[in-house]
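See below for the structure under consideration.
Values quoted throughout were computed directly from the atomic coordinates according to the rules given, and no laboratory measurement underlies them. Treat the numbers as computed from the prediction; the structure is a model and nothing was measured. Glycine gets a Cβ as well: all are built from the backbone with ideal geometry, and neighbour counts include every protein chain shown.
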Amino acid sequence: MKQRKTEPMPEGKGRPVVYLAGPDVFLPDAREIGEAKRQICENLGLVGLFPLDNEIDIAGLPAVEQARRISLANEALMHHADAAIANLTPFRGASMDAGTAYEIGFIRALGRPVFAYTNSARCYAERAALTRRSGPAPDDFDAADVEIENFGLAENLMIAIAVSESGAPIALGSAPADLSRDLRAFQASAEAAAQILLGPKSGDIS
């Protein structure tokens, strides 16, 4: 486990602060991806908080204690945020990253909006059906007689509705060549967040 220590957590200084949730933290170039997302937010008048912004030193600690400190530090970042922008691109299965799902629920429980995007061009039901046809993963109790939720949504209804009730639909990508790093759908989601959190720009027609 890498030591998670970066620059001090940025202050909003009157600008909305958004927590950048997603499995991007597992990428080998995670810090570069986080910086690119922060720059997009900066250009829109937002302050982006990437999970690796946590100032915690976990070197040498037992694995469970490392996990505890990372979890609590991420929750502290979310308490500091006015909203979240979440990456829902499928990760290790038909659905989104489990940790990101928790973070969406956490932000919503704080009464704050959640914006989101996915680089998948398929709805949740289609992805689940494709995953079923490839055979169940170990310890997955899915089977042919188990219902697949099908509302035509990009994700499980609890996620999709949490996002839409925040004021903007999930921004949909179109299966870019690099699902993990293409930021065009993120850009669209960040623009929607800025529109809602900052209000329309002068001259905009509502």
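Structure notes:
- Within segment 88-128, backbone nitrogen closer than 14 Å to the virtual label 7 Å beyond the Cα of VAL146 toward Cβ: 93-95, 128
- Taking 0.36 nm per residue of sequence separation and removing the Cα-Cα distance, the LEU110/ALA125 pair yields an extension gain of 2.5 nm.
- Added length on full extension, which subtracts the Cα-Cα distance from 0.36 nm per residue, ALA76 to GLU32: 13.6 nm
- A run of the chain free of exposed loop cleavage sites, with chymotrypsin sites (Phe, Trp or Tyr not before Pro) counted only in DSSP states other than H, G, I, E and B and at most 13 other beta carbons within 10 Å, reaches its longest extent at 1-140.
- Karplus-derived HN-Hα couplings along segment 81-88 (A = 6.51, B = -1.76, C = 1.60, θ = phi - 60°), whole Hz, x at Gly and Pro: 8, 8, 6, 9, 10, 10, 8, 9
- Kirkwood estimate for segment 147-206, i.e. one over the average of 1/r between Cα atoms, Å: 13.5 Å
- Taking the Cα centre of segment 17-197 as reference, the dipole from Cβ charges on Lys and Arg (+1) and Asp and Glu (-1) amounts to some 220 debye.
- Efficiency of FRET from Cβ geometry, ASP57 and ASP178, R₀ 41 Å, rounded to 0.05: 0.80
- Free of any GluC sites (Glu not before Pro) that DSSP assigns to a loop and that have at most 13 other C-beta atoms within 10 Å, the longest stretch within the chain is 56-146.
- Computed over every Cα-Cα pair of segment 95-206 and binned at 5 Å starting from 0, the pair-distance distribution P(r) comes out as 2, 11, 17, 20, 19, 14, 9, 4, 2, 1, 1, 0 percent.
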